[in-house]
Amino acid sequence: MTGELMEHPVILETKDLSVSYGDHQVVKKVNLNILANQVTAVIGPSGCGKSTMLRVFNRMNDFVPDARIEGKVLFEKNDLYDDKIDPGFIRQQIGMVFQRPNPFHKSIYNNVIWGPKVNGHKKDLRELAEQALQKAALWDEVKDRLHESALNLSGGQQQRLCIARAIAMNPKIILMDEPCSALDPRATARIEDLIQEFRSRYTIVIVTHNMQQAARVSDNTAFLYEGNLVEYGATKKIFTQPDQKKTEDYITGRFG
Amino acid sequence: MINRRIRSLKNRTFVWVCRGVTAAMISVLFILLYHVGQEGIGWLDKQFLDSFPSRFPEKAGIKSALWGSVWLIGMTATFSIPLGVATAVYLEEYAPRKIWVRAIEINIGNLAGMPSILYGLLGLAIFVRFMGLEDSLWSGSLTLSLLALPVIVIASQGALRAVPREIREGAYALGARRWQVVFGHVLPCALPGIMTGVILALSRSMGETAPLIMIGALSYVAFLPETPSDPFTALPVQIFNWAARPQANFHGLAAAGILVLLALLLTLNASAVFIREKLQRYKP
């Protein structure tokens, strides 16, 4: 690990993390430190376990019946898979944005405030919604139709709404699972701008297929191959002079 | 070229076969309606709707059967909708994917296809005899609820299953609990489908005769039920009774009764469709 990585505190770390579905091991003994207020990109070919790993970080894998998790995931030094930990409480602090925009079948306004509301936030919801939409750079486009269905928005707007929805919970970490893969280049650019703006306030972990995107938006990059963490370091270094031959081959497009 | 012509011919033939089948179905329905209408419309007047049954066809009416059916359907809906939807929510959202859950689901599927007279026997044994409810509205509506339940459960399960996984994931990712996800997103999304199942089930039980005769619904009731413990008659029972008599005038009464039953069913279905459309249209 380079010196540059060490300047930020570790917010999330995995210790020999392995994930299997039935007999199939998808993630193999991964040790990874996610640094606070940084953007960490996870890259690798399809099926390398990057989405699985991301879903382990906020216990979304609990819903997969035969998923087995070994090793440890520590969030601010607390074991995420401790029996005493409430997964709901974890997800309030570690938000997620999915591959395909998944707005609720409700109004724009209710999409944003639903999370805070069910978690006991009662006051100033309107203000909260405005702030979240502002931060997601969606406010100007929707301020006159907050009570219209979120399903009438364009794909890019829907994804920004999903980001606003995640921000409204004021999470510490935002996990993004290929957030732009269903979007056109312009909408993608807007999401990438948002990620740039967020880096000071949140910790972001983004899984992406798009190497240029990883290079553009992230501070650190982890390269996963067949469930193994091949290389992890500052994005600049990974993309210019990687230590591993495998990383270089993948980044230069020789496979994957 | 020839190949193309044959394909186009096949295509047109298929369209016409489909149209023919649809037309045949609809014409059967219209012939039935016409036949019943012709026979019954003459008997259908205010006096018919406002009189109790009588052995003189001119004085006989459908009042007690009509109100009996309204009572029945109201009580059946009250019992079967909450129970059925709750069962579906449990099976779909909470129950572990175990073999015994599968067994229960298969059994519910079988129940939906069971002949209604068997429900009548069950109702007779349990509600009428064992629970001592006699030939009251309780017995009738509880028996019809048994009949409606499997249909409601199956339709609701289908509707719940059709709610996209992404919606649930989105809600869980915000830290919501399971009941919040179910009540906040899954049920509202599934509501139109659930309503369809409920309409189907209630319409079916409304037209049932056999189980009601089995549990001893009377066909001569010269009063309106006032409490759920009162004896009752229902439209199909009354119609059956009239149609079984030899005198032609009573057949006219039966036809008129069918028209009333059809009107009631149509009103029920139309209002349910109306409510469903209202719900489906987006609610802020």
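The values are calculated or read from the model by the stated rules, or taken from the named source; none is laboratory data. These numbers were taken from a predicted model, which means no experiment stands behind them. Cβ coordinates were reconstructed from backbone atoms using ideal geometry, including for glycine residues, and neighbour counts include every protein chain displayed.
Being under 22 Å from B:K59 (Cα atoms) and either assigned to a helix (DSSP H, G or I) or without any contact (Cβ under 8 Å) to a residue 24 or more places away in the chain (or both) is the filter here; which residues of the range B:204-233 pass it?
Correct list: empty.
Taking the residues in the range A:41-69 that are among the aliphatic types (A, V, I, L, M), surrounded by 14 or more Cβ atoms within 10 Å (Cβ to Cβ) and out of contact with any Asp or Glu (no Cβ under 9 Å at 6 or more places or on another chain) as candidates, determine which candidate is farthest from the other protein chains (Cβ to nearest Cβ).
Only one residue fits best here, namely A:I43.
Need the failing condition index for A:T188 against (1) over 19 Å from A:K172 (Cβ atoms); (2) in contact with a Pro (Cβ under 8 Å, 6 or more places away or on another chain), just the number.
Tallying (1) over 19 Å from A:K172 (Cβ atoms); (2) in contact with a Pro (Cβ under 8 Å, 6 or more places away or on another chain), A:T188 fails exactly one: (2).
Kindly provide the set of residues from the range B:150-190 that are among the charged types (D, E, K, R) and away from chain A (no Cβ under 12 Å), ordered by number.
The one that is among the charged types (D, E, K, R) and away from chain A (no Cβ under 12 Å): B:R161.
Only one residue in A:L146, A:L133 is outside any strand (DSSP E or B), touching a residue at least 12 places away in the same chain (Cβ under 8 Å) and either more than 20 Å from the chain's Cα centre (by Cα) or within 13 Å of chain B (Cβ to nearest Cβ) (or both). Which one?
A:L146
Got a sec? Which of B:A88, B:A65, B:A24 is aliphatic (A, V, I, L, M), touching a residue at least 24 places away in the same chain (Cβ under 8 Å) and farther than 18 Å from B:A234 by Cβ?
Among B:A88, B:A65, B:A24, only B:A88 is aliphatic (A, V, I, L, M), touching a residue at least 24 places away in the same chain (Cβ under 8 Å) and farther than 18 Å from B:A234 by Cβ.
I want to confirm something. Restricting to the range A:22-40 and keeping residues that are farther than 13 Å from A:M53 by Cβ, part of a strand (DSSP E or B) and not polar (S, T, N, Q), which single residue is farthest from the chain's Cα centre (by Cα)?
Filtering first and then ranking leaves A:H24.
Hey, could you check the range B:81-107 for residues that are surrounded by fewer than 19 Cβ atoms within 10 Å (Cβ to Cβ) and within 17 Å of the chain's Cα centre (by Cα) and say which is nearest to the other protein chains (Cβ to nearest Cβ)?
By that ranking, first place goes to B:P82.
Taking into account only those residues within the range A:55-85 that are more than 11 Å from A:E13 (Cβ to Cβ), in a loop (DSSP other than H, G, I, E, B) and of a type outside the set (D, E), which is nearest to the chain's Cα centre (by Cα)?
So the residue we want is A:N58.
Inside the range A:190-205, can you point out the residues that are under 28 Å from A:G49 (Cβ atoms) and either touching a Cys at 6+ places or on another chain (Cβ under 9 Å) or assigned to a loop (DSSP other than H, G, I, E, B) (or both)?
A:I191, A:E192, A:R199, A:Y202
Anything in the range A:111-130 that is in a helix (DSSP H, G or I) and not basic (K, R)? List them, or say none.
A:N111, A:V112, A:I113, A:W114, A:G115, A:P116, A:V118, A:L125, A:E127, A:L128, A:A129, A:E130
Select from the range A:95-108 the residues that are more than 8 Å from every other protein chain (Cβ to nearest Cβ) and either in contact with a helix residue (DSSP H, G or I) (Cβ under 6 Å, 6 or more places away or on another chain) or in a helix (DSSP H, G or I) (or both) and list them in ascending order.
Passing the criteria: A:V97, A:P101, A:I108.
For the range A:70-85, how many residues meet the condition of being surrounded by fewer than 21 Cβ atoms within 10 Å (Cβ to Cβ) and either of a type in the set (A, V, I, L, M) or facing another protein chain (nearest Cβ under 9 Å) (or both)?
3
Among the residues of the range A:151-169, are any at positive phi, surrounded by fewer than 24 Cβ atoms within 10 Å (Cβ to Cβ) and either in contact (Cβ under 8 Å) with a residue 40 or more places away in the chain or within 13 Å of another protein chain (Cβ to nearest Cβ) (or both)?
no
Which condition does B:Q280 not pass, out of (1) in contact with a helix residue (DSSP H, G or I) (Cβ under 7 Å, 6 or more places away or on another chain); (2) surrounded by 14 or more Cβ atoms within 10 Å (Cβ to Cβ); (3) at pLDDT below 85, if it passes all the others?
Among (1) in contact with a helix residue (DSSP H, G or I) (Cβ under 7 Å, 6 or more places away or on another chain); (2) surrounded by 14 or more Cβ atoms within 10 Å (Cβ to Cβ); (3) at pLDDT below 85, the lone unmet condition for B:Q280 is (2).
Taking B:F52 and the conditions (1) within 24 Å of B:I258 (Cα to Cα); (2) out of contact with any Lys or Arg (no Cβ under 6 Å at 6 or more places or on another chain); (3) among the aromatic types (F, W, Y), which numbered condition does it fall short on, given that it satisfies the others?
It fails just one condition, (2).
Which of the following residues is in contact (Cβ under 8 Å) with a residue 60 or more places away in the chain, over 25 Å from A:N119 (Cβ atoms) and surrounded by 15 or more Cβ atoms within 10 Å (Cβ to Cβ): A:T203, A:T221, A:T188?
Criteria check complete, one pass: A:T221.
Mind listing just one residue for me: the one in the range A:170-186 that is within 13 Å of A:F98 (Cα to Cα) and over 13 Å from the mean Cα position of the chain (by Cα) and, of those, nearest to the other protein chains (Cβ to nearest Cβ)?
Checking each candidate, the answer is A:A182.
What single numbered condition from (1) under 27 Å from B:G84 (Cα atoms); (2) of a type in the set (G, A, S); (3) out of contact with any Leu (no Cβ under 7 Å at 6 or more places or on another chain); (4) within 14 Å of chain A (Cβ to nearest Cβ) fails to hold for B:G216?
(4)
I'm told A:F89 meets every condition in (1) in contact with a helix residue (DSSP H, G or I) (Cβ under 9 Å, 6 or more places away or on another chain); (2) surrounded by fewer than 21 Cβ atoms within 10 Å (Cβ to Cβ); (3) within 14 Å of chain B (Cβ to nearest Cβ) except one. Can you identify the failing condition by its number?
(1)
Would you confirm whether or not the range A:202-217 contains a residue that is basic (K, R) and either within 14 Å of chain B (Cβ to nearest Cβ) or within 28 Å of A:L128 (Cβ to Cβ) (or both)?
No.
Is it true that some residue in the range B:125-143 is within 14 Å of chain A (Cβ to nearest Cβ) and either within 30 Å of B:F223 (Cα to Cα) or of a type outside the set (V, I, T) (or both)?
no
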